[in-house]
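A.B. asks: Below is the structure I would like to discuss, written out as structure tokens.
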Amino acid sequence: MDKLTRRISRVIIAMMLIWVPLNWLGQDGTIRNESSLFCTRAQAAPAWLPWFNEEAAPLEFNELYSGASALGLEFSPKLESLKGKKVRISGFMAPPLKPTLNFFVLTKVPMAICPFCSTDADWPDDIVLIKLSKAVAALPFDRPITVTGQLELGYQMDEETGFVSLVRIVADNIEEAN
Amino acid sequence: MYNLKMSTLCLSQCFRLLAALLVVMSLMSGTTVSHAAYSAPEVPHINIMPIDRAKFLVGQKFDFAIEVKTDIPATAIEVLVNGKAAETFFGKQAIISLDKMSTYRINQVAFPQTGKVSVAVTVKTENGIEKRAVNYDIPADKVKKPAKNVILFVGDGMSLQARQMARILSKGITEGKYNDLLEMEKMSNLALITTSGNDSLVTDSANSASAYATGHKSAVNAMGVYADNTKDPFDDPKVENIIELVKRTRGMSTGIVSTANITDATPAAMLAHTRKRSEQNFIAQEMLNPQHRPDVILGGGSRHFLPKSVPGSKRSDERNIIEEFKEQGYSIATNKTQLKQAGTPDKLLGLFQLDNMDVYVDREVTKNPAVLGKFTDQPTLMDMTKTAINVLSKNQKGFFLMVEGASIDKQLHTMDWQRATYDTIEMDKAVGIAKEFAKKNGDTLIIVVADHAHGASITGTYHEKDGKTGREAVRIYADAGWPTFADADGDGFPDDPNPDVTLAVQFANHPDYYENEKFQDVPTSPAIMADGKAIANLKRAPQGGDLKVGNIPASDPSEVHSADDVPLTAEGPGADYFKGIMDNTEVFHGIVRALGLDGRKESK
């Protein structure tokens, strides 16, 4: 191992040590009492990014696209303007394609994937893919949740599953919606 | 005297014994005649595809395949067709692979003569031999006056009860007599169709549509193939389908129309061959294959036709299938206005939604912007059917058109019988348009059939006028009276999907869900998946409803298909074929018989 690698790993370990207590604190700095799934703050987005203290812009599902026809969808000007910025959106967590995946799909309404009337790729167009740093289990599917994180736009295919997404949020915080 | 008496007694005793014996014998023979024995189904070690008792159109192409499972590797597979070596009979060499799972295959063969065919397979291993024989039928049945055109309507999931709900809502009932019947009910012939595939009692739409399109059974999720043992969804032994047959042998025009993704199971099964119906991107590009390229393609699901870089696409490549169709001379329409402007080109591709088209209630009655979004200009199934007939009927050689009312099924899955019923009525109106066309020349066979059923049944009516709610407000027997649907504008659709007295429709199977017996403003799933289990959707009955505990495995969040037989109605030349109880593969044989097709002929 050369010196540089060692130095980098030390920095990473230090960051991780600082990060651990953060996971147990809510936004107001108090210890959270919710179930473990909501204790995981900063799941994917590193806390030292410049937008750490940035106010999250609220986003609604019906604001994602300004145009839609059989020839495709058009991102709304609002969505385009929030690209790379911190956003907050509420919706329902659709069941992950596999329990071990480090992403899930956020939908406007609760989803049921019907094996015969639809296919496994049969998602509505207005969905947001939520990226996580690690797989999560036991999130509620029947109650709305609010996700905060950095907005990503554009075609992306998940290597493992082939799942295609256009709108993604690299999750910083997930909590039950009020 | 004494002797005489004795002999008379003896005679009468003998007579009685004889009579008793005769009675017993006749009873025994009667038993063997009326109750054929059968054994419980088991998977044979030698799997022959096509299956035993398969029926073919003479000259219909298929892949002949055998799969053999043995404990030790097989050393030889010998196949005789009508006593001749299969390779000699078909005039083609077999591809044989010998192991513990051995295969024998001759692709693209056909039976050149009508009649019975027997296939005998002998498999040799070092331990001995195993044999299996199957029989095929290649009927010679000919119709006196053939049909020029065939229009096949598939009401997806349209059970007998689904038809009746549409009759009640569309036509109304007075003093127990219906004010009128549906268009699909006013047809000359009626048959009941069984729905099972060769793999399972309960079918899905790919499997059953495949039976209609090929005359052969298939398996759940498969179309145009017999399902083999391999995982590859594109290598299963194929069977020639109706679109391929009418194009190859007659040069007829063909069309598919659906309110679903046009790559969805039912329309796809008219032309494609795959083990996996979810391969919708493959199915979209297969529609370009000249072997089975339909001249008219109208429906939803453009997302499988757009290159992946276009937002909304579900493709995994950059192929622009819409552009490729344009290059083939197709006119393109993406909304109702463009469909009208298209007129009657020779070839037409119309895709009106990225996903499934919205259902009639949302599209035409409530026009709820929360449901439709930007898709406010979608054609009706009537518009699409009329255009398809206008375009296809230009071909003097005739046409085959399949029209699917797709969301009857999709809405019954989500236990939304009101939305399903409006879509059944929509398809009925499309049947009316086809009947009007058929009336002009009398050379069109129209068939209306479902592909499987749903366990939805009419218990009575439901109202809360006396303050009762939930199960107490389900009105049964004399309390049911009549629902208060009305159609003041006479368009065939009830004005209000949610009248004060509605139908009490109950489902034989369902997941955990909330029931409030009312029309829902937006389509809402009855249950959602949570950690691999279906749980009742709280959004289903926001005003409150009874929790119904599910009676199917919690792995499925929707109401599922039932194995019930389904009604078929038909009218036109060749409709006489459809009567009594028929296997679902007979729908194909009724179509090819009506058209007088001969698979041995090649169109110039």
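A.B. asks: For Cα pairs less than 8 Å apart in space and 6+ apart in sequence, what is the mean separation divided by the residue count of the range B:46-138, i.e. the relative contact order in percent?
C.D. replies: Here the relative contact order equals 38 percent.
A.B. asks: Across peptide B:530-542, what mean number of C-beta atoms from other chains lies inside 10 Å of a residue's C-beta?
C.D. replies: That average works out to 3.
A.B. asks: Regarding the range B:46-138, what are the three Cα extents along the principal axes, ordered largest first, in Å?
C.D. replies: Per principal axis, max minus min of the Cα coordinates gives 38, 21, 19 Å.
A.B. asks: Going by average Cβ density within 10 Å per residue, which order do the peptides B:205-218, B:105-118, B:152-165 take, highest to lowest?
C.D. replies: By packing density, highest mean first, the sequence is B:205-218, B:152-165, B:105-118.
A.B. asks: Also, I was wondering about something else. Can you spot the lysines whose alpha carbon is less than 20 Å from B:K374's alpha carbon? Ignore those fewer than 8 places along the same chain.
C.D. replies: Within the straight-line cut-off, B:K374 pairs with A:K78, A:K108, B:K314, B:K336, B:K340.
A.B. asks: Can you compute 3J(HN,Hα) from phi for each residue in the range B:520-533, using the Karplus curve 6.51 cos²θ - 1.76 cosθ + 1.60 with θ = phi - 60°, rounded to whole Hz and x for Gly and Pro?
C.D. replies: Once θ is set to phi - 60°, the couplings for the range B:520-533 become 9, 4, 10, x, 9, 5, x, 9, 10, 8, 9, 6, x, 10 Hz.
A.B. asks: Taking every residue in A:62-74, how many Cβ atoms of other protein chains lie within 10 Å of its Cβ, on average?
C.D. replies: That average works out to 6.
A.B. asks: Under the definition of Cα pairs under 8 Å and six or more residues apart, what whole-number percent is the relative contact order of chain B?
C.D. replies: Relative contact order comes out at 18 percent.
A.B. asks: To continue, here is another question. Could you pull out every one of the aspartates and glutamates with an alpha carbon less than 15 Å from that of B:K533, ignoring same-chain neighbours closer than 8 positions?
C.D. replies: Output for B:K533: A:D142, B:D512, B:D556, B:E559.
A.B. asks: By how many nm would the segment from B:K579 to B:E472 lengthen if fully extended, with 0.36 nm per residue of separation less the alpha-carbon distance?
C.D. replies: That works out to 34.4 nm of additional length.
A.B. asks: Over 29 Å between Cα atoms, which of B:K142/B:K171; B:K468/B:K539; B:K177/B:K439 qualify?
C.D. replies: The pairs that break the limit, which is 29 Å between Cα atoms, are B:K142/B:K171.
A.B. asks: Determine, from the Cβ-Cβ distance of A:A177 and B:D199 and an R0 of 60 Å, the FRET efficiency 1/(1 + (r/R0)^6), rounded to the nearest 0.05.
C.D. replies: Efficiency, rounded to the nearest 0.05: 0.85.
A.B. asks: Here's another thing I want to ask about it. Tell me which lysines have Cα within less than 17 Å of B:K217's Cα, excluding those fewer than 8 residues away on the same chain?
C.D. replies: Excluding near neighbours in sequence, the set is B:K55, B:K61, B:K238, B:K276.
A.B. asks: Same structure, new question: Nearest 500 deg cm²/dmol is fine: what mean residue ellipticity at 222 nm does chain B get from its DSSP H runs of n ≥ 4 alone, each adding -39,500 (n - 2.57), divided by its residue count?
C.D. replies: -7500 deg cm²/dmol
A.B. asks: When ranked by the protection proxy of mean other Cβ atoms within 10 Å per residue, highest first, what sequence do the peptides B:413-420, B:226-233 form?
C.D. replies: Taking the mean over residues of other Cβ atoms within 10 Å, the ranking is B:413-420, B:226-233.
A.B. asks: Moving on. If one takes the accessible area of chain A alone plus chain B alone and subtracts that of the pair, with a 1.4 Å probe, what total in Å², rounded to the nearest 100, results?
C.D. replies: Heavy-atom accessible area buried at this interface is about 3100 Å².
A.B. asks: Continuing with the same structure: Could you work out the local net charge near B:T380, counting Lys and Arg as +1, Asp and Glu as -1, over the other residues with Cβ closer than 10 Å to its Cβ?
C.D. replies: For residues surrounding B:T380, the net value is +1.
A.B. asks: A further question follows. Roughly what % antiparallel, to the nearest 5, for the DSSP beta bridges in the protein assembly as shown?
C.D. replies: Looking only at bridges with both residues in the protein assembly as shown, the antiparallel portion is about 70 percent.
A.B. asks: Right, something else. Classify the protein assembly as shown from the C-alpha gyration tensor, please: rounded if a/c falls under 1.5, else prolate or oblate depending on whether a/b exceeds b/c.
C.D. replies: prolate
A.B. asks: For the peptides B:452-458, B:393-399, A:67-73, B:541-547, what is the packing order when you average, over each peptide's residues, the other Cβ atoms within 10 Å and list the highest mean first?
C.D. replies: B:452-458, A:67-73, B:393-399, B:541-547
A.B. asks: To continue, here is another question. Per the Cauchy relation, a quarter of the hull surface: what is the mean projected area of the convex hull of the alpha carbons in the range B:149-198, in nm²?
C.D. replies: If I average the Cα hull's projected area over directions, I get 5.0 nm².
A.B. asks: Hydropathy at least -0.5 by Kyte-Doolittle, axial extent at least 27 angstrom from the Cα trace: which helices of chain B, defined as entire DSSP H runs, fit?
C.D. replies: In chain B, the long hydrophobic H runs are B:2-34.
A.B. asks: Residue by residue through the range B:66-73, what is 3J(HN,Hα) from phi via Karplus (6.51 cos²θ - 1.76 cosθ + 1.60, θ = phi - 60°)? Round to whole Hz and write x for glycine and proline.
C.D. replies: Taking θ as phi minus 60°, the curve returns 10, 10, 10, 9, 9, 5, 10, x Hz for the range B:66-73.
A.B. asks: Would you please give the residues with an amide H less than 5 Å from that of B:A527, counting only those at least 5 places away or on a separate chain, with H modeled from the backbone geometry?
C.D. replies: Amide H to amide H, under 5 Å and 5 or more residues apart or across chains, B:A527 pairs with B:N537.
A.B. asks: Right, next: Determine the distance separating the Cα centre of the range B:524-571 from the Cα centre of the range B:79-103; give it in Å without decimals.
C.D. replies: 47
A.B. asks: Would you please give the residues with an amide H less than 5 Å from that of B:S159, counting only those at least 5 places away or on a separate chain, with H modeled from the backbone geometry?
C.D. replies: Placed amide hydrogens put B:H454 under 5 Å from B:S159.
A.B. asks: Something else now. Over 19 Å between Cα atoms, which of B:K326/B:K429; B:K367/B:K465; B:K386/B:K440; B:K435/B:K601; B:K145/B:K397; B:K465/B:K518 qualify?
C.D. replies: B:K326/B:K429; B:K367/B:K465; B:K435/B:K601, as the Cα separations exceed 19 Å there.
A.B. asks: Could you work out the mean count of beta carbons from other protein chains within 10 Å of each residue's beta carbon in B:305-316?
C.D. replies: Per-residue shielding by partner chains comes out at 5.
The values are calculated or read from the model by the stated rules, or taken from the named source; none is laboratory data. The structure presented is a predicted model; accordingly, all values stated were derived computationally and were not measured. Methodologically, a virtual Cβ is constructed for each residue, glycine included, from the backbone with ideal geometry; neighbour enumeration extends over all protein chains shown. Heads up: the accessible areas ignore ligands, DNA and RNA and are worked out on the full protein's heavy atoms, side chains in. Shrake-Rupley method; radii C 1.70, N 1.55, O 1.52, S 1.80 Å.
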